[in-house]
1. Compute the acute angle (0 to 90°) between the alpha-carbon long axis of helix 381-400 and the principal axis of greatest extent of the alpha-carbon atoms of the chain; round to the nearest 10°.
2. Among 624-631, 162-169, how do they line up by average Cβ neighbours within 10 Å per residue, starting with the highest?
3. Output the direction-averaged projected area (hull surface divided by four) of the convex hull of the alpha-carbon atoms of segment 70-199, in nm².
4. If the chain between Glu115 and Thr503 were fully stretched, how many nm would it gain, using 0.36 nm times the residue separation less the Cα-Cα distance?
5. Would you mind getting me the FRET efficiency between Val132 and Asp616? Use the beta-carbon distance for r and R0 = 51 Å, nearest 0.05.
6. Rank these for me by crowding, Val517, Val572, going from fewest to most other beta carbons within 10 Å.
7. So how many Å³ per residue does the convex hull of the Cα atoms of segment 496-594 work out to?
8. Using R₀ = 45 Å, calculate the FRET efficiency as 1/(1 + (r/R₀)^6) where r is the Cβ-Cβ separation of Leu181 and Glu460; round to 0.05.
Amino acid sequence: MSFEQFEKKAELKAEFDFDQLEQDLENLSFSEFDDYKTNAKPDSAAAEISAAKTPAEKETNAGKNELEEAYGIVTTGVEPIEIAGTGSKIIGYIAAGQRENVRLGTYVIVPYENENLFGKLTKLQYRQEFTVDDATEIHSSRMLSNKRADLSRRIIEEDYKLLAQIDPICILYEKNQKEGLQRRMADRIPKPNTPILPVFDKEMVQTGLNIPKEGIFLGHLSVGGELVKTHSVPPTVAYYLRNDYSSGDPLIFRHMLVCGSTGTGKTFLTKNILRQFETENSRYRQRSDHSIQNMPCLVIMDPQDEYSQLYEDNTLSDADKFNFNSEKVAYGGIRNTKTFTAKAEGERYAGKSRAEQIEFTIPFSFVQYNPWILETAELTENQRNGLEILIADYFKDTKTKNKTPTYVGFKEFVEDPFNKEYYTEQTDKIHESSYGGIVRKALNKTYERIFDKDAKPVTELFKTVFKPGQVSVFPTEYINNSRIRDLIVLTMMTVIVDNKLNTSGDEDVKNTPIILVLDEAHRYLSNSAGTLSGKIISKFAEAAKQGRKEGLGLFLITQDPQDIETEIIKQVNTKIVLNLNNDAAINAVKVPLEYEKRVPYLKKGQMIIHSPDNGDIVEITGLSNCVVKHE
């Protein structure tokens, strides 16, 4: 049809939109005039035409739409396509119109006839389309002189090639309808000129990255801080941590680490994760009888008085609740939350907790089998040995005299001049200078403030503290003395570990699945932190190894992962890495170099998940709202 014929045809339609015609004439070439349609055609007519199409025509149109969304094609014009056991080389040409949509790390598929190569973009490179020397003063001045034009208008994309290197992750295929989508190693080479397509199918993304389709919700898959979107509802791709026995024990019993600098959202994220463990779907086998499955008990060492808020609801919109329900995200306060506060002379808890509060004391009898509790970093080796002798003899003496052991009684025992003479002169068990050092350093008035107070001993509260489905929070912020705070935390850590590992341990502790949440973990699990921590390192390293068998999961939170003992870090399977700006800290978490470089640039809420037994290493973004109260 000629231009004159087209114009005459337009005049015959009274309702024709001439403004639309003028706009379309600017955008369409003359060869496209025959396909021109006016805005006068009603939607019903368009629907009839669509309905009249055959399935083959619809499939063809779907293919056309898919190709319109393609990033580009696989090319051999730059490098040969290569698949090898030691590495692969697949180069794609990115079409000019799609270049703003690709990022380093973008997930893509390259189709075969009945399978798909699933991969990600690991390198982006601009090359000249035509041989032109643009490294000249004249060219530079001409580009910079056009100040009124934005950068995108100064560059003609067609004058350049944008090349992307595709790292093949796996082959996606469907063996049969019953088994659904499967994955295998990338063992096929894509054909030249095959389209490179975005991934809009949620199942493809989850299967391609080997991510479980259900479990403990951690966040949403993202690339460069932008959420990966699919055509599902909701469009985001949820990242779950495996929480069943389908492939071994639930991964919480292989332990978790959350690390990030101050202000990166560690507590916010941790609350969202911990909430997911207290649901009916989170049940774990009882150690003595695998046919019995119980919800876990969360035991939280809380240095900033923040986790008692797990008891309270947060204000959430209907849209938030719809999305949470769609992705099986648990939300709302955990009513079975209790706050346990150590009674200390001169201190009183008046914190944030609205949950039930239970006061306890640490009995000095606990020291009998844990003498290191009284040891300080200042004690020499001889002084520590001497202190252990005195503690052992004191407990023998109280048993003989049928007395209740107390810290005050032990202090009197050590300060007794007759006892001093016996140990330093008569038996020479302890050197006189070492004895004096013990009196000065170990007999600290601080201990009088915490041992044997007027409250129920923690050793008599095991049934109350360790209950399936309960959150037991131990805040320490209200106590000003750091030695007392450390003693409380280390006591509870020892109670759990000793009873879990010992065959004669308390049945309430042994048979309850426990997730021990340790905030500021670097304070207690570092050899450099002093004798108190040094003594518990070996206990915790063994507990980390035996966690799967004993039903003990460690959930460690820190801003200094490099300070946590290496033997313990080695046992942690799931590492959640938020922003870290310390090279030593980044090196300690041992993520692949590609992701290691991203860590200092992660924004609040962004994180790297490295969990080899759960799936491929990925970037995810946490929820923007807390599922429980957070202030």
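None of the figures in this text is laboratory data; all of them are computed from the coordinates on show. These numbers were taken from a predicted model, which means no experiment stands behind them. Cβ: placed from backbone, ideal geometry, glycine included. Neighbour counts: every protein chain shown.
1. The angle comes out at about 60 degrees.
2. Ranked by mean Cβ neighbours within 10 Å, highest first: 162-169, 624-631.
3. Directional mean of the projected Cα hull area for segment 70-199 stands at 9.6 nm².
4. Value of the extension gain: 134.4 nm.
5. In this case the efficiency is close to 0.80.
6. Going from sparsest to densest Cβ surroundings: Val572, Val517.
7. Measuring per residue, one finds 100 Å³ for the Cα hull of segment 496-594.
8. 0.25
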